[in-house]
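The structure under discussion appears below in the form of structure tokens.
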Amino acid sequence: MNEEIISLSEKLGAALLLRKATVTAAESCTGGGVASAITAIAGSSQWFHCGYVTYANHSKHKMLGVPMALLQIEGAVSEAVVRSMVEGAAQRAGADFAIAISGIAGPTGGSTEKPVGTVCFAWLSPQGVGSARHQLSGDRNAVREQSIKISLQQLLHQVTECTTVHPYSK
């Protein structure tokens, strides 16, 4: 894991610990990379209790409650789907903050509408849910690493800007 990702994970952990808050991740194209980065930090069990690697559509549906109709209409790589993923993950984990990622890391699987490197992100905080679609470049590993970095940056931003606790937290 690169130094920038470790540094972001350390900062995120410190911010969560300071706020006595928790985080979860619902991942597809990153294959658990965000959870791995977060748990690389000693003491992370204080702010990270579980994550979800939902690579297949049926896993997104079964584990996170993403409606199959939404997956069929929008496709797994869409802002609508990651928004559903992030809400399901936060609710099931009882987390204050959450991130969801779904994308096409390549080298195959892209289309004209959603080329390789298309990655959708959604984040949840007490202020609500937000989402974004990015077009990343590079090979499979580069797309995955960029996705992990973006996820950690967005979580860190959400946590440091937050002053309240989410209703999902226990």
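The values are calculated or read from the model by the stated rules, or taken from the named source; none is laboratory data. None of the values given here were measured: they were computed from a predicted structure. No Cβ is skipped: glycine too gets one built from the backbone with ideal geometry, and neighbour counts run over all protein chains shown.
What number of residues within region 106-135 satisfy the criterion of being closer than 25 Å to Val23 by Cβ and in contact with a strand residue (DSSP E or B) (Cβ under 8 Å, 6 or more places away or on another chain)? Before you say what the answer is, go through the steps one by one.
So in region 106-135, the residues closer than 25 Å to Val23 by Cβ come out as 118-134.
Next, from what is left, pick out any that are in contact with a strand residue (DSSP E or B) (Cβ under 8 Å, 6 or more places away or on another chain): 118-125, 129-134.
Residues meeting the conditions: 14.
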message = It is to be established whether one or more residues within region 81-90 are surrounded by fewer than 21 Cβ atoms within 10 Å (Cβ to Cβ) and either under 25 Å from Arg140 (Cα atoms) or not charged (D, E, K, R) (or both).
response = no
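Hey, can you tell me all the residues within region 13-44 that are in a helix (DSSP H, G or I) and more than 17 Å from Val159 (Cβ to Cβ)?
Of the residues in region 13-44, the ones in a helix (DSSP H, G or I) are 13-19, 33-39, 44.
Within region 13-44, Gly33, Ser36 meet the criteria.
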ask   = Being in contact with a Cys (Cβ under 9 Å, 6 or more places away or on another chain), surrounded by 17 or more Cβ atoms within 10 Å (Cβ to Cβ) and touching a residue at least 24 places away in the same chain (Cβ under 8 Å), is that true of even one residue in region 105-112?
value = yes
Members of region 56-80 that are surrounded by fewer than 24 Cβ atoms within 10 Å (Cβ to Cβ), within 15 Å of the chain's Cα centre (by Cα) and either at pLDDT below 95 or more than 18 Å from Gly32 (Cα to Cα) (or both) = Ser78, Glu79, Ala80
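Out of curiosity, is Ala35 aliphatic (A, V, I, L, M) and either over 18 Å from Val119 (Cα atoms) or touching a helix residue (DSSP H, G or I) at 6+ places or on another chain (Cβ under 6 Å) (or both)? Give the steps one after another, and end with the answer.
Details: aliphatic (A, V, I, L, M): yes; either over 18 Å from Val119 (Cα atoms) or touching a helix residue (DSSP H, G or I) at 6+ places or on another chain (Cβ under 6 Å) (or both): no.
When the stated conditions are applied, Ala35 does not pass them.
So that you can scan it fast, the table gives a plain yes or no per residue for (1) in contact (Cβ under 8 Å) with a residue 60 or more places away in the chain; (2) more than 27 Å from Ile6 (Cα to Cα); (3) not hydroxyl-bearing (Ser, Thr, Tyr):
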{"site": "Thr54", "(1), (2), (3)": "no, no, no"}
{"site": "His61", "(1), (2), (3)": "no, yes, yes"}
{"site": "Gly65", "(1), (2), (3)": "no, yes, yes"}
{"site": "Leu70", "(1), (2), (3)": "no, yes, yes"}
{"site": "Met85", "(1), (2), (3)": "no, no, yes"}
ask   = Is region 130-147 home to any residue that is part of a helix (DSSP H, G or I), crowded, with 17+ Cβ neighbours inside 10 Å and among the acidic types (Asp, Glu)?
value = yes
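Can you tell which of Ile6, Ile38 is closer than 29 Å to Gln135 by Cβ, at pLDDT 95 or above and crowded, with 24+ Cβ neighbours inside 10 Å? It would help to see each step written out before you state the result.
Details: Ile6 fails: crowded, with 24+ Cβ neighbours inside 10 Å.
That would be Ile38, the only listed residue that is closer than 29 Å to Gln135 by Cβ, at pLDDT 95 or above and crowded, with 24+ Cβ neighbours inside 10 Å.
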